[in-house]
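S.K.: This is the structure I have questions about; it appears just below.
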Amino acid sequence: MNEINRWAASLDGAKIPGGCEDCDAFQTLHVIDRGLTRINIHHDDWCPTYRRMRPASGLPDQPAAGGAR
Ligand SMILES: [Zn+2]
């Protein structure tokens with residue numbers, strides 16, 4: 001394991017405050033493989049930004065763009 005991988009592995013599961021201007025969000029960092037990392041942002045349930053990112057519940061998914069007309 002090289003220095004960068006060791007450094008990345010040490011961050012696995014790290015919880016980082018912030019990540020959203022609208023709520024008291026935090027981020028978690030996940031090391032997937034060989035320094036490839038994923039950061040998840042955890043918003044509060046009421047966060048307007050979070051709600052904008054989620055499809056409206058109870059509505060069917062939008063058809064894919066570029067469909068036949
Ligand atoms: Zn948020």
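Coordinate-derived values only; no laboratory data. Quick caveat: nothing in here was measured; it's all calculated off a predicted structure. Here the Cβ positions follow ideal geometry from the backbone for every residue, glycine too, while neighbour counts run over all protein chains shown.
S.K.: Please list, in chain and number order, the residues 5+ apart from Ala14 or on another chain whose amide H is under 5 Å from its amide H, with Hs placed from the backbone.
M.R.: Sorted by chain and number, the residues that satisfy this are Leu29.
S.K.: Another one. Ordered by packing density, taken as the mean number of other Cβ atoms within 10 Å over each peptide's residues, highest first, how do 2-8, 38-44 rank? Show your work: numbers first, answer last.
M.R.: Details: 2-8: 11.4, 38-44: 13.6.
Most protected by this proxy first, the peptides run 38-44, 2-8.
S.K.: In vacuo Debye scattering of segment 3-53, one point per C-alpha: log10 I(q)/I(0) at q = 0.13, 0.15, 0.16, 0.26 Å⁻¹?
M.R.: -0.37, -0.46, -0.51, -0.87
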